[in-house]
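**Q** Just passing along the structure, written as structure tokens.
The values are calculated or read from the model by the stated rules, or taken from the named source; none is laboratory data. Every value quoted in this text rests on a predicted model; they were computed, and no experiment measured them. Cβ placement follows ideal geometry from the backbone for every residue including glycine, while neighbour counts extend to all protein chains displayed. These accessible areas exclude ligands, DNA and RNA; they are computed on the full protein's heavy atoms, side chains included. Shrake-Rupley method; radii C 1.70, N 1.55, O 1.52, S 1.80 Å.
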Amino acid sequence: MKMSDWLLLQTLYEYRNVTHAADHLYLTQPTVTKRLKLIEEEFGVTIAIRGKRGIQFTPEGEYLAVKASQITAILREIRDHLALSSQEEPSTLLVGASNSMARSSLPGLIQTHRLTHPHVQFEIITERSSQLTRLMEQGRLDLAFVNGEIPFSGEKLLFRREHAYLASTMPLKPEDLNQYPYLTYYKDPCTQSILEHWWQEYHSSPFPTGLKVQHGDICREMVLKGLGYSIFFVQDYMADYPQYQYTLYHRDGTPLLRNTWLIFTSHSFQKKQVREFVEKFM
């Protein structure tokens, strides 16, 4: 049975008159009569009997007419739902970010985007910025947030500038840092280069190797235990301990900054879900 057949039964039951039902369905009376006969043959029952006062439904016809109302309601709901879904097809954005970005800013960005695009799903890939850039150029990501001035053949938008700061349980001066133990974590080469160039402004000695751990969170805990100092760009690493933060500047007084970029390619930008996300930053 087609949806149009169930609708025909429902309409006949409501009007109890072939002429009125045909007018409502924009069909001819013979067409309605023929289709009713085909439905009766399909189910092997008599559905309605025509008389002087219209048509009378048999018990079997009454049963089918009630079911027709239920079925057409369900089919209409399905059709409306699919029509709505086709306007906003479910999609997944492959987003690259550093561990710190994925922990700090990215959750808020996703939450805000979903307010207007609830159909979009996210898959987050965390890597160092240099690796994320390679993944973008290989077409394995839709977009990515990367730190520093990493060469990239695609498009980039400035997302934010982060001011470097020293984290320590004691006040320290940039020119005296080589006298204290240095704590660090695995950084992207571009970020490491920013710090090394800054170090050379104050010291003739090489940048310290220090005690290296896997993640910034671990490094922060070691700083809070008084085991040494470290340098961060992500502000919320020490958000609960502002008394231990000391912003860093170049010799000329300008702030020591690191840019974070939103990168994508012209190919990925052709995807509707990528454009909708990126255009918020244009």
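**Q** Counting pairs of alpha carbon atoms under 8 Å apart in space and at least six apart in sequence, what relative contact order in percent does region 88-177 give? The partial results should precede the final answer.
**A** Details: 88 pairs, mean separation 29.8, N = 90.
This gives 33 percent for region 88-177.
**Q** Going by average Cβ neighbours within 10 Å, how do the peptides 219-225, 259-265, 104-110 rank, with the highest at the top?
**A** Numbers: 219-225: 17.9, 259-265: 20.7, 104-110: 15.4.
Peptide ranking by packing, descending: 259-265, 219-225, 104-110.
**Q** To continue, here is another question. In region 138-238, which chymotrypsin sites (Phe, Trp or Tyr not before Pro) are in a loop and have at most 16 other Cβ atoms within 10 Å, using DSSP for the loop call?
**A** Of the chymotrypsin sites (Phe, Trp or Tyr not before Pro), the ones in loops of region 138-238 whose Cβ has at most 16 other Cβ atoms within 10 Å are Y186.
**Q** Once the whole set of protein chains is in place, how much accessible area is left on L135, using a 1.4 Å probe, in Å² to the nearest 10?
**A** About 10 Å², ignoring ligands and nucleic acids.
**Q** Moving on to the next point. Mean Kyte-Doolittle of at least -1.0 plus a Cα span of 24 Å or more along the axis: flag which DSSP H helices in the chain meet both, please.
**A** Numbers: long enough: 59-87 (43 Å, -0.12).
Flagged H segments are 59-87.
**Q** I need the trypsin sites (Lys or Arg not before Pro) found in region 1-58, filtered to DSSP loop residues with at most 13 other beta carbons within 10 Å of theirs. All intermediate terms of the calculation are to be shown ahead of the outcome.
**A** Numbers: sites: K2, R16, K34, R35, K37, R50, K52, R53; in loops: K2, R16, K52, R53.
Those satisfying the criteria are K2, K52, R53.
**Q** Calculate the translational D of region 143-184 in whole µm² s⁻¹ from Stokes-Einstein, where the hydrodynamic radius comes from the Kirkwood formula applied to all Cα pairs, the temperature is 25 °C and the viscosity 0.890 mPa s. Spell out each step's value before the answer.
**A** Numbers: Rh = 14.0 Å.
Result for D is 176 µm²/s.
**Q** Nearest 0.05, what FRET efficiency do K280 and T247 give at R0 = 30 Å with Cβ-Cβ as r? Numbers along the way, then the final one.
**A** Numbers: r = 29 Å, r/R0 = 0.96.
E(calc), rounded to 0.05, equals 0.55.
**Q** At T19 and Q56, where each label point lies 7 Å from the Cα along Cα→Cβ, what is the point-to-point distance in nanometres?
**A** Computed distance between label sites T19 and Q56 equals 2.1 nm.
**Q** Just for the Cα atoms in region 23-72, what are the lengths along the principal axes, largest first, rounded to whole Å?
**A** 26, 24, 20
**Q** Sticking with this one: For all pairs of alpha-carbon atoms in region 151-282, what percent lies in each bin of width 5 Å, listed from the first bin to the last filled one?
**A** In order of increasing distance, the bins hold 2, 9, 18, 20, 17, 11, 9, 7, 5, 2, 0 percent.
**Q** Provide the convex hull volume over Cα atoms per residue for region 212-282, in Å³. Can you show the working numbers first?
**A** Details: hull volume 12.8 nm³, N = 71.
Spelled out: Cα convex hull of region 212-282, divided by residues, is 180 Å³.
**Q** Could you list log10 I(q)/I(0) for region 1-42 at q = 0.14, 0.16, 0.25, 0.27 Å⁻¹, which the Debye formula gives when each Cα is one point scatterer?
**A** -0.24, -0.32, -0.80, -0.93
**Q** Continuing with this model, one more query. Once you place label points 7 Å from the Cα toward the Cβ at L211 and T46, how far apart are they in nm?
**A** Those two pseudo-labels are separated by 9.6 nm.
**Q** Continuing with this model, one more query. Round to a whole angstrom and tell me the spacing of the C-alpha centers of region 20-69 and region 119-158.
**A** With region 20-69 and region 119-158 each reduced to a Cα centre, they are spaced 63 Å.
**Q** Distance in nm between label sites at D5 and K173, each 7 Å beyond Cα in the beta-carbon direction?
**A** Once both label points are built, they end up 9.3 nm from each other.
**Q** To the nearest 0.05, what FRET efficiency results for I125 and L158 with a Förster distance of 30 Å applied to their C-beta separation? It would help to have the intermediate numbers written out before the result.
**A** Values: r = 22 Å, r/R0 = 0.72.
The pair I125/L158 has a calculated efficiency of 0.90.
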